[in-house]
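Novice: Sharing a structure below in structure tokens format, with a few things to ask.
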Amino acid sequence: MKRLRGGALVLGVIVLVAIVLPFLHVPLPGLMEGTLDSPGTLNLLGLCFVFGALALSYDVVFGYTGLLSFGHALYFATGVYVTAIALARWHWSMPQALALTAVVALVLPLVLGAICLRTREISFAMVTLAFAEAGSLLVLQNPFGLTGGEEGLALGAGVLPAALAGVVNTRNLYWIALAFLVVVCAIVWWAVNSPPGRVWQAIRENERRVAVLGLNPYLYKLGAFVLSGFLASGAGVVYLLLQGGANPQVTTASFTLTLLVMVVLGGVGTLWGAVIGGIVYEYLDFRLVELSNASALQNLPAVLRVPLSEPLFILGTLFIVLVLFVPGGLGSLFRRANRRPANA
Amino acid sequence: MSTIVLLAVTGLGLGALYFLVAAGLSLIWGLMRVLNFAHGAFFTVASYAAWSASQALASASPWLQWFVALLVGMVTGGLFATLSEAVLIRPLYQRHIGQVLVTVGLALATVALVEGGFGSDPRPVSMPAWMSATSPLFGAAIANTRIVAIVAAALVLLLLLFFLRRTRYGLIVRAGVENRAMVSALGIDVQRAFTLVFAIGGTAAGLAGVLAATYYGTIDPARGTSMLISAFIVVVIGGLGSITGSALAAVIVGLLQQFLNFYAATGVGDFAVVILLAVVLLVRPAGLLGASS
């Protein structure tokens with residue numbers, strides 16, 4: 001109990017610091033391009049929060065329920081594209097667009113999950129991949145000129161409410177992203193500690209035993225799938241606001257793979273691990289691009305310069321090293337460091 | 001009529017490329033239960049190695065250039081796959097998810113490295129004049145690259161079937177697919193069979209990499225990934241672990257894609273293939289020719 005209270009205190013402090021961050025005119029040489037309150041930094045931090053929340057939503061199906069889904073990008077893209085189409089193509093108001101997105105974000109994972117969950121393990125992975133690929137192809141096809149195909153769909157001027165548009169208001173978007181992350185953490189924390197959440201983890205450990213106990217694993221798995229898909233769509237909406245447009249990149253199978261990397265990076269089946277994994281991945285992915293243009297790197301011989309200037313090469317290698325040597329992910333490093341004094 | 005022949009041969013040519021990638025995936029899955037996400041990376045690395053080899057031989061005769069490129073591609077694919085198995089997959093023998101994740105990391109890192117070294121734009125491939133010409137067949141002008149791909153895939157299918165059914169190692173691989181625990185209980189070193197399927201799969205993927213370069217006339221770093229997804233679909237439709245199943249599914253997928261893309265609308269064929277995958281998995285979870293377990 002004491003530990004919980006201490007943890008809550010630390011969390012509260014972190015969230016408070018995050019809230020006041022946009023008021024701090026502090027340069028962070030090496031870590032960030034501009035000062036803390038510059039729009040570029042706030043936008044990057046906002047994106048990190050979105051990916052932290054997205055990784056956590058993926059962890060609900062993959063880490064907590066043990067379902068290896070390769071179609072999570074579809075639900076994220078649903079949030080991005082449905083909102084973008086409603087706002088930019090049909091010129092709906094923000095609440096209307098959000099309402100439509102919420103409905104689609106509930107119905108789509110419910111219907112597809114009901115179908116996909118009739119299979120298991122590798123077949124499940126492949127059916128979810130198939131549906132996500134279908135979604136990706138649909139977006140690229142640009143049906144009725146709605147999605148913009150390969151070029152994506154920019155929101156354009158005047159589409160967003162004034163408080164959310166323009167570089168000056170980046171801090172509002174930052175707060176929205178932060179609030180979204182906090183809400184998603186709270187929901188997932190509550191969900192995995194609720195009675196159904198415990199059944200999810202039991203299904204991950206031994207599904208047959210859950211069935212023998214008289215519970216219907218199918219319904220519980222469907223519940224996890226829908227919750228995870230819905231939260232992912234929410235992350236998609238915030239991502240759309242931060243990016244000011246939709247791009248087909250977020251529909252691809254590679255995008256789902258990066259989510260998998262994020263969750264494993266942080267620690268599978270842990271709340272903070274997934275969030276940290278998402279934040280760290282997005283930060284590195286973004287910052288390593290800038291590193292590749294750094295003058296120190298340009299002077300290196302090509303053998304070193306070429307690999308170091310590819311963020312995905314560094315992230316992929318880091319990922320392999322973690323899988324080989326730190327199976328529990330980054331989160332387990334912290335836990336190990338915490339436990340050592342207790343044992344002594 | 002000539003349109004139908006043309007579409008059929010193009011579809012078969014595409015199916016041939018899918019099969020070459022899918023064969024290795026299917027064997028690796030069947031024996032080791034590893035979904036090898038790095039298979040597209042074998043394909044990509046092999047095609048770039050082959051391209052570099054043919055650039056280095058720019059002054060030689062086009063046919064010599066092409067054959068050397070073919071050889072270099074196959075050897076690179078095979079070596080890269082063998083090495084990945086030995087260095088990255090073997091240490092994770094008892095950790096299944098870990099093996100899959102390592103191949104994901106390897107795929108990401110390798111494709112990024114190729115992009116860093118060669119750029120992400122497609123590069124044109126030089127090939128003998130005969131390759132880019134067409135031959136008449138039932139009144140249709142068929143591009144020779146299609147014929148080469150189909151013949152090569154058919155040869156690989158025959159060789160693989162011969163290997164699996166007529167040789168001792170083939171017997172071990174087949175027995176391992178059926179029941180791995182029993183094979184190792186009988187005192188046979190299954191580990192060596194693991195390396196072998198990776199080597200075979202990598203070589204086939206390398207061959208596919210070179211043939212795809214001539215098929216499309218260009219190479220680009222992203223093609224391996226899209227090939228991999230098509231090959232996954234083929235393997236699952238055909239039945240995981242079944243080589244003949246993969247061959248059958250590759251033909252079906254290639255033909256379906258070509259005909260629907262032409263007669264319905266561009267993209268409809270690709271769409272139909274994923275729907276076909278979903279339907280097959282829901283109706284026959286083990287795939288067309290897969291053993292239901």
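Each reported figure results from applying straightforward, stated rules to the coordinates on display, with no laboratory input. Keep in mind it's a predicted model, so treat the numbers as computed, not measured. Neighbour counts are summed over all protein chains in view; Cβ atoms, including those assigned to glycine, are modelled from backbone coordinates with ideal geometry.
Novice: Give me the mean projected area, in nm² to one decimal, of the convex hull enclosing the Cα positions of the stretch A:173-313. Don't jump to the answer; show the numbers that get you there.
Specialist: Numbers: hull surface 44.0 nm².
Quarter of the Cα hull surface area: 11.0 nm².
Novice: Around A:S136, what is the net charge, scoring Lys/Arg as +1 and Asp/Glu as -1 over all other residues with Cβ under 12 Å from its Cβ? Please list the in-between numbers first.
Specialist: On the way: positive: none; negative: A:E133, A:E150, B:D270.
Charge balance near A:S136 sits at -3.
Novice: Of the listed peptides A:314-321, A:122-129, what is their order by residue-averaged count of other C-beta atoms within 10 Å, with the highest listed first?
Specialist: Values: A:314-321: 19.9, A:122-129: 23.4.
Ranking, from highest mean packing down: A:122-129, A:314-321.
Novice: In vacuo Debye scattering of the stretch B:148-232, one point per C-alpha: log10 I(q)/I(0) at q = 0.15, 0.18, 0.20, 0.21 Å⁻¹?
Specialist: Each listed q maps to, in turn, -0.68, -0.87, -0.97, -1.02.
Novice: For peptide A:255-266, how many partner chain Cβ atoms fall within 10 Å of a residue's Cβ, on average? Don't skip to the end; give the middle numbers.
Specialist: On the way: counts 0, 0, 7, 2, 0, 5, 4, 0, 0, 5, 0, 0.
Partner Cβ neighbours, averaged per residue: 2.
Novice: Okay, next question. How are the Cα pair distances of the stretch A:41-343 distributed, in percent, across 10 Å bins from 0?
Specialist: 6, 26, 34, 23, 9, 2, 0
Novice: Would you compute, from DSSP H runs of 4+ residues alone, the mean residue ellipticity of chain A at 222 nm, taking -39500 (n - 2.57) per run and dividing by the full residue count, rounded to the nearest 500?
Specialist: Values: 15 runs with 241 residues, N = 344.
Taken over chain A, the calculation gives -23000 deg cm²/dmol.
Novice: Can you find, among B:H39, B:T82, B:L196, the residue farthest towards the positive end of the dipole of the stretch B:2-222? Put +1 on the C-beta of Lys and Arg, -1 on that of Asp and Glu.
Specialist: Among B:H39, B:T82, B:L196, the one farthest towards the positive end of the dipole of the stretch B:2-222 is B:L196.
Novice: Amide H of A:A246 versus every other amide H placed in the peptide plane: which residues, excluding those fewer than 5 positions away on the same chain, fall under 5 Å?
Specialist: Placed amide hydrogens put A:L153, A:A154, A:L155 under 5 Å from A:A246.
Novice: Separate question: Can you compute the radius of gyration and Dmax for the protein assembly as shown, using only the Cα atoms, both in Å?
Specialist: Cα radius of gyration and Dmax of the protein assembly as shown are 25.4, 84 Å respectively.
Novice: If the viscosity is 1.002 mPa s and the temperature 20 °C, what translational diffusion coefficient in µm²/s does Stokes-Einstein give for the stretch B:32-100 when Rh comes from Kirkwood over Cα pairs?
Specialist: Working: Rh = 13.3 Å.
The diffusion coefficient I find is 161 µm²/s.
Novice: Can you tell me what percent of all Cα-Cα pairs in the stretch A:1-84 are more than 15 Å apart? The partial results should precede the final answer.
Specialist: On the way: 2523 of 3486 pairs.
For the stretch A:1-84, the fraction of Cα-Cα distances above 15 Å is 72 percent.
Novice: Charges at C-beta only: +1 for Lys and Arg, -1 for Asp and Glu. How large is the resulting dipole of the protein assembly as shown about its Cα centre, in Debye rounded to 20?
Specialist: The dipole magnitude comes to about 1880 debye.
Novice: Let me ask something additional. Dipole size in debye (nearest 20) for the stretch B:2-222 around its Cα centre, Lys and Arg Cβ +1, Asp and Glu Cβ -1? If you can, show how the numbers build up before the last one.
Specialist: Working: 11 positive and 6 negative charges, 132 e Å.
Around 640 debye, computed over the stretch B:2-222.
Novice: Mind listing which chymotrypsin sites (Phe, Trp or Tyr not before Pro) in the stretch B:111-155 are in a DSSP loop and have 13 or fewer other Cβ atoms within 10 Å?
Specialist: Working: sites: B:F118, B:W130, B:F138; in loops: B:F138.
Taking the stretch B:111-155 and a limit of 13 other Cβ atoms within 10 Å, the loop chymotrypsin sites (Phe, Trp or Tyr not before Pro) found are B:F138.
Novice: Then there is this: Using only the Cα atoms of the stretch B:7-127, what are the Rg and Dmax in Å?
Specialist: 16.1, 50
Novice: Another one. Could you give the semi-axes, largest first, of the ellipsoid that matches chain B, computed as the square roots of 5 times the alpha carbon gyration tensor eigenvalues and rounded to whole Å? List each step's numbers first, then the result.
Specialist: Working: eigenvalues 177, 113, 63 Å².
In descending order, the three semi-axes are 30, 24, 18 Å.
Novice: For the stretch B:96-169, place one equal point scatterer on every Cα, skip the solvent, and apply the Debye formula. What is log10 of I(q)/I(0) at q = 0.16, 0.17, 0.19, 0.25 Å⁻¹?
Specialist: For the stretch B:96-169 at q = 0.16, 0.17, 0.19, 0.25 Å⁻¹, log10 I(q)/I(0) is -0.96, -0.96, -0.94, -0.99.
Novice: When the Kirkwood radius is taken over all Cα pairs of the stretch B:134-277, what Stokes-Einstein diffusion coefficient follows at 10 °C and 1.306 mPa s, in µm²/s? Display every interim value, and only then the final one.
Specialist: Working: Rh = 17.3 Å.
Result for D is 92 µm²/s.
Novice: If you don't mind, another one. Can you give the average number of partner chain beta-carbon atoms within 10 Å of each beta-carbon in peptide B:84-95, as a whole number? If you can, show how the numbers build up before the last one.
Specialist: Numbers: counts 0, 0, 0, 2, 3, 0, 0, 2, 3, 0, 0, 3.
Across the residues of B:84-95, the mean count of other-chain Cβ atoms within 10 Å is 1.
Novice: Need one number: nm distance between label points at A:F144 and B:S52, each 7 Å from Cα along Cα→Cβ, rounded to one decimal.
Specialist: Computed distance between label sites A:F144 and B:S52 equals 5.0 nm.
Novice: A follow-up question, please. Projected onto the charge dipole of the protein assembly as shown (+1 at Lys/Arg Cβ, -1 at Asp/Glu Cβ, origin at the Cα centre), which of B:S126, B:P62, A:P248 gives the Cα projection farthest towards the positive end?
Specialist: A:P248
Novice: Quote the charge dipole size of the stretch B:139-293 about the Cα centre in Debye, to the nearest 20; the model charges only the Cβ of Lys and Arg (+1) and of Asp and Glu (-1). Mind showing how you got there, number by number?
Specialist: Numbers: 9 positive and 4 negative charges, 84 e Å.
In debye, rounded to 20, the stretch B:139-293 gives about 400.
Novice: How many angstrom lie between the C-alpha centres of the stretch A:31-77 and the stretch A:181-239?
Specialist: The stretch A:31-77 and the stretch A:181-239 have Cα centres spaced 18 Å from each other.
Novice: Which of A:V263, A:P195, A:L231 sits farthest toward the positive end of the charge dipole of the stretch A:161-291, with +1 on the Cβ of Lys and Arg and -1 on the Cβ of Asp and Glu?
Specialist: Value computed over the given set: A:P195.
Novice: Still on this structure, please answer the following. In a GNM of chain B with a 10 Å cut-off on Cα contacts, which of B:V234, B:V177, B:V45 has the highest mean-square fluctuation?
Specialist: Greatest mean-square fluctuation among the candidates belongs to B:V177.
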